[in-house]
Amino acid sequence: MPKAIPLRHDYSADALRTLASQAHDGNQARRLLALAGIRDGLTRAKAARLGAMDAQTLRAWVMAFNAEGPDGLLNTPPPGRPPKLSTQQKRDIARLVDTGPDPERDGVVRWRRVDLKQVIRERYGVDLDETTVGRLLKEQGFAHVSARPAHPRQASDAIERFKKRTARPNHRDR
C-alpha cells in the first residue's frame, strides 16, 4: 500500500470547512470537506467516503491541494475544439470583406456567405458551414446588410425623378 501523502499544514480543519461553506463550486466544497476529515484524523478511506470518492482519487486531490491550495480543487474546464481558422486567416477574411470582391476575378459583385465559404475552402482547405461563416463575420465586426433589389435595366435617374415629383396640393389650402 502506498504511503499517504501528508496534507499541507497551513489550513486547519475549521479553515477548510469555512472555505467549503463559502465555495461556489459543489465539487470543490466536497473535496475541502474530505480534506477537513483528514485533518480531523479520519483514515484516508473514511475521508474519501465522506467526499464521495475513492482513496486514489482523494490522493490526487491532496496532491493538487498541496500544490495550488483551495483553487487546486476546482475542475479545470476542457480546452474545447481548436478553431478551424487561425487568427491570421480570420484577419485575412476580414480584409477581403473590407476591400470587397473583384467582379472580374471573383465572379461576384458582393460577398455572400456562400461565396466566402467557397473562398475559405479554396484558400485554406477548410470547409465551414454558411452559418459558421456568418458567425465569423459577426465576430470580425461585420453586420448583415441586405441591399434593396434593383432591376438591372432600371433607368439611373428614375429614382431621382420619383423623389422630385411635385406633391399634390393640399385640399385645405384652397
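Here are some notes:
- Some residue of segment 133-147 being within 24 Å of Leu85 (Cα to Cα), modelled with pLDDT of 90 or more, surrounded by 10 or more Cβ atoms within 10 Å (Cβ to Cβ) and among the small types (Gly, Ala, Ser): yes
- Criterion applied to Trp111, Trp61 was being buried (at least 16 other Cβ atoms within 10 Å of the Cβ), in a loop (DSSP other than H, G, I, E, B) and either free of Cβ contacts under 8 Å to residues at least 40 places away in the same chain or touching a Ser or Thr at 6+ places or on another chain (Cβ under 8 Å) (or both), and the one residue passing it is Trp111.
- Of all residue pairs spaced 6 or more apart or on separate chains, those with beta-carbon atoms under 8 Å, a first member in segment 1-25 that is farther than 13 Å from Val62 by Cβ and among the basic types (Lys, Arg) and a second member that is open to solvent by 70 Å² or more (accessible area, probe 1.4 Å) and not in a loop (DSSP other than H, G, I, E, B) are Arg17/Leu33.
- Test: residue in segment 73-81 that is part of a loop (DSSP other than H, G, I, E, B), touching a residue at least 24 places away in the same chain (Cβ under 8 Å), under 30 Å from Leu128 (Cα atoms) and open to solvent by 50 Å² or more (accessible area, probe 1.4 Å): no
- Per-region count, segment 92-108, residues in a helix (DSSP H, G or I) and either open to solvent by 60 Å² or more (accessible area, probe 1.4 Å) or more than 15 Å from Lys138 (Cβ to Cβ) (or both): 9
- Considering Val97, Val145, Val133, Val62, the condition of being touching a helix residue (DSSP H, G or I) at 6+ places or on another chain (Cβ under 6 Å) and hydrophobic (A, V, I, L, M, F, W, C) is satisfied by Val133 alone.
The values are calculated or read from the model by the stated rules, or taken from the named source; none is laboratory data. Just so it is clear, the model here is predicted, and its values are computed rather than measured. Quick reminder, even Gly has a Cβ in these numbers, built from the backbone with ideal geometry, and neighbours come from all protein chains shown. Just so you know, the surface numbers come from the protein's heavy atoms only, side chains and all, with ligands and any DNA or RNA stripped out. Shrake-Rupley method; radii C 1.70, N 1.55, O 1.52, S 1.80 Å.
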